[in-house]
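Let me begin by presenting the structure, written as structure tokens, before commenting on it.
The values are calculated or read from the model by the stated rules, or taken from the named source; none is laboratory data. Computed from a prediction, not measured in an experiment: that's the story for all the values here. Because the Cβ atoms are built from the backbone with ideal geometry, glycine has one as well, and the counts that use them run over all protein chains shown. All accessible areas refer to the heavy atoms of the entire protein, side chains included, with ligands and DNA or RNA removed. Shrake-Rupley method; radii C 1.70, N 1.55, O 1.52, S 1.80 Å.
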Amino acid sequence: MTSESAMPADLSTLYPTSHIQVVITSFGYGHAPAPQADLTVDARRHLRNPHTDPALRDLTGLNPTVRQHVLATPGARGNIQHVANYAQTLLDDAANQRQRLVTIAIGCIGGRHRAVALAEEIAATLRAGGVGVDVEHRDVDKPVIQD
């Protein structure tokens, strides 16, 4: 067992640079409240909703067709970059703190389409910049919320 006095002041030195620094959780407001996070993104009003297309309704944001449908919304890619930049800023600001972990929650109505697609794209953007990211899809396997 390691004594407390042997622990470094900056715990991030215990992990390689690829360790998890950001956790992104997609969720559906229609299933439960938003999880606690440093940043919560509400994707309900500003992105195309695949739920309105019967061919896409039972798929998820993990499907490339659904993902492209969501990302084709004007401004979607800019929003992804803004969220990734903000997460990086939070990480940079925490560089000398004992714990460097940024949490992002992204919600839509059911947590199956828009939130999932955005979470995956933000994660890909952060990973391309060398940030360790874990993505959790809280409600992706829950039933489709009917209109």
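Among the trypsin sites (Lys or Arg not before Pro) within the range 72-147, those in coil by DSSP and having at most 12 neighbouring Cβ atoms inside 10 Å are Arg98. Cβ-Cβ distance of Ile20 and Ala72, R₀ of 30 Å, FRET efficiency by 1/(1 + (r/R0)^6): the value works out to about 0.50. Accessible area per residue for the range 22-117, computed on protein heavy atoms with a 1.4 Å probe, is 50 Å². Once the Cβ-Cβ distance of Leu62 and His31 is raised to the sixth power relative to R0 = 22 Å, the FRET efficiency obtained is 0.80.
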